[in-house]
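Below you'll find the structure, written out as C-alpha cells, and then a few comments.
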Amino acid sequence: MKNPEIFIIMVLYMCVVIGIGVYFYKKSQRSSENYFLGGRSLGPWVAAMSAEASDMSGWLLMGLPGVAYWCGLADAFWTALGLAIGTYLNWLIVARRLRNYSQIAGNSITIPDFFSNRFKEKKKVILAIAASFILIFFTVYASSCFVTVGKLFSTLFGFDYHVMLIVGAVFVVAYTLIGGFLAESVSDFMQAIVMIVALVAMIFVGVINAGGFGAVVENSKNIEGFLSLSQIANPVLGENGTQAIVDGKPLFGAASPYGFLNMVSMLAWGLGYFGVPQVLLRFMAIRDAKEIKRSRIIATVWCVISLAAAVLIGIIGRTLLPTNEALGTKAGAENVLIVLSTEYLPLIIAGLIMAGILAATISSSDSYLLIASSSVSVNIFKGIVKKNATDKQVMWLSRIVLIVIALIGIVIAWDENSVIFSLVSFAWAGFGATFGPIMLFSLFWKRTTKVGAIAGMIAGAASVFIWKLVLNPLLSPAIPAFGIYELLPAFIISSIAILVGSLLSKKPDDEVIEEFEKAKKGEVAA
C-alpha cells in the first residue's frame, strides 16, 4: 500500500468523527425532530460553518481546484463569484424569515413539510412533489460524494476505485444511522475548520515551492487564456485521452472566448442557494433568529476565503505539476489537491488534509442521505400514507430508505471517470430551480397559491432535465444561448410558472395570510 502513514492518520481522524456520532446518539434518537432537525438548537458558529461545509464538501476541495487546473481561471472564478454572492444573499434574505416561518407553519422539520404547511394543503400534493424531487436530486448529490471517496483512496493508496466506493458508502450509511442531523452538523463544523486551514496552508506551501507568486503568474501567462476572465484554455488530448505532452510541457490549443453568456451562466450558480435543502435546514435549525446576523458574517467570510483558495490551488498546481500523469484528464485533474499535498507537505499535515477531504465528503453525503430519507419517511410515509405513524416507525423506514438511496448512488458513481463538478452542477441546478423560486415566493409574496407552488416546482425540475439532456446537446452548437447553465433558464421558467399559476387561481385563505403576516413581523409560535 502506498502512503501507509497517511492512511493511519485518516483512520484516526475518522475515529473522531465516529465519536461525534456516538456522542449525539441518545439525543438524536429521542424524536424525529431531534434526528432530522437537531431540536432547533444550532448556535451561530455551528449553523454557519456546517451549512457551508455540507454545501461545499469534497466539491470545494477537489471539483473546483480541478476546473482551475484543467482550463484556467475563467470558469472557476465566475462560478466562485456566483457562489459567494449567493451565500451572502441567502443568509441576508431567506434565513431569518424561514427560521420564523417554519416554526409558525406547523413547526415544520423538513423543506417539504414547510411548503405543505405554508399552503395548508389537505391532499398533500405539494408535499409529495417536493419530497420526490428531493429524493431524486439528493441521490445524484450522494453519488458525487461517493466518487470523491473512490478517487481519494485510489489516488492516495492505489486501492481499487470500486472497492473504495462501496466501503465509503457503507461507512456513510453507518454514520448517518448513528448520529442524525445534530451529529452531522457538529462534524461539519469541524470539517469547515479543517477545510479552510488545509486550503490556505496548501497555497502558502505551493507558492513557496513554485518560487514565489510571481513565478506562478509567469507560468500561467505562458498558457493562452489560462489567467483570462474572458477566455478559457484548451488542453490538447493525445490518442490515449490524456493531455498531450511535448518537450516535457503540457500541450494547449488556442484559447476559446469566454463571453458574457458564459459569465452569466456561471454566476447563476448563486441562485442555487435559495433552493438547496442542506443549507435551508440550517436556517430552520438555528436556536434564535437574533443570531442569524453573526452566522451570515461567519458563513460569508468562510465562503469567500475557501472559494478563492480552491481556485488558486488549481492555478498553482499547473506550475508545480504541469505533466503529472494522475492529472492528465478532466476527471483526473480533480485530484490536484491530493497530489500537491502528498508531494509537498509533511506526511502528518498531508494526512490531516486528506482526512479532512474524506471526513468533509462523508459528513456531507450523510447530510444528503438524511434529508433524502426524511423526504420519504416523514413527508410521504407519515405525511400521506400513514398519518398516525409513530416516531419509531418513521425512524425505521428512514433507515431502510437511506440504504436504498446509497445503493442507487453507488450505481450512478460506478464509472471512475465521473467528474464530480458535473454531477454536483446537475443536482445543484435541480434544487435551485425546483425549490429556489417557490421558497422566495412563499416567504415574500402572500398571494402565492398552492397551484402556483405546484406549477413552479414541476416547471423548474422539468426545465433542468429538458435543458440539460435535450436542448443543450441539440441546439447549443448552432445557438450559443442554449449552452448556458440549465439553472438560470429553469429558475426563470419556474418563477413565471409560480406567478401565472398564482394569479390564475383562487387567493389564499385567511389562515394562510395570517401566518404570512406573523412571519413577516417575526412573531414565532410558542
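Below, the figures for the structure above:
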{"quantity": "Net charge contributed by nearby residues that have their C-beta within less than 14 Å of residue 381 (K/R +1, D/E -1)", "calculated": "+4"}
{"quantity": "Rough spin-label spacing in nm, given labels placed 7 Å along Cα→Cβ, for residue 465 and residue 513", "calculated": "3.7"}
{"quantity": "Accessible surface of the chain [probe 1.4 Å, protein heavy atoms]: carbon and sulfur percent", "calculated": "67"}
{"quantity": "Relative contact order, percent, the chain [alpha-carbon distance under 8 Å, six or more residues apart]", "calculated": "30"}
{"quantity": "Per-selection Rg to Rh, the range 67-143 - Cα, Kirkwood hydrodynamic radius", "calculated": "1.14"}
{"quantity": "Alpha carbon centroid spacing (whole Å) that separates the range 233-275 from the range 457-477", "calculated": "22"}
{"quantity": "Segment residue 240-residue 478, extension gain: residue separation times 0.36 nm, minus the distance between their alpha carbons", "calculated": "82.8 nm"}
{"quantity": "Charge context of residue 123, other residues only, Cβ under 13 angstrom, K/R +1, D/E -1", "calculated": "+4"}
{"quantity": "Set of lysines with alpha-carbon distance to residue 468 below 20 Å, sequence-local pairs under 8 removed", "calculated": "330"}
{"quantity": "Over 23 Å (Cα to Cα) - which of 386/446; 123/386; 387/507; 124/446; 293/520; 387/521 fall in this group", "calculated": "386/446; 387/507; 387/521"}
{"quantity": "Inter-label distance, nm, simple model (7 Å from Cα along the C-beta direction), residue 386/residue 12", "calculated": "4.6"}
{"quantity": "Residue-wise HN-Hα coupling along the range 400-409, computed from phi with Karplus coefficients 6.51, -1.76, 1.60 (Hz; x: Gly, Pro)", "calculated": "5, 5, 4, 5, 4, 4, 4, 5, 5, x"}
{"quantity": "Mean projected area (nm²) of the alpha-carbon convex hull when the chain is viewed from all directions", "calculated": "23.2"}
{"quantity": "1.4 Å probe accessible area per residue over the chain, in Å²", "calculated": "37"}
{"quantity": "Sparse-neighbour loop sites [trypsin sites (Lys or Arg not before Pro); the range 322-420; at most 15 other C-beta within 10 Å; DSSP]", "calculated": "386, 387"}
{"quantity": "FRET efficiency, 1/(1 + (r/R0)^6) with R0 30 Å, evaluated for residue 416 and residue 347 via beta carbons", "calculated": "0.70"}
{"quantity": "Distance from the range 334-352 to the range 55-107 (C-alpha centre basis), Å", "calculated": "26"}
{"quantity": "Length gained when the stretch residue 403-residue 249 is fully extended (0.36 nm per residue, less Cα-Cα span)", "calculated": "50.8 nm"}
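The values are calculated or read from the model by the stated rules, or taken from the named source; none is laboratory data. Because the structure is a prediction, the values reported are computed rather than measured. Quick reminder, even Gly has a Cβ in these numbers, built from the backbone with ideal geometry, and neighbours come from all protein chains shown. For the accessible areas, the whole protein counts, side chains as well, though only heavy atoms, and no ligand, DNA or RNA atoms are used. Shrake-Rupley method; radii C 1.70, N 1.55, O 1.52, S 1.80 Å.
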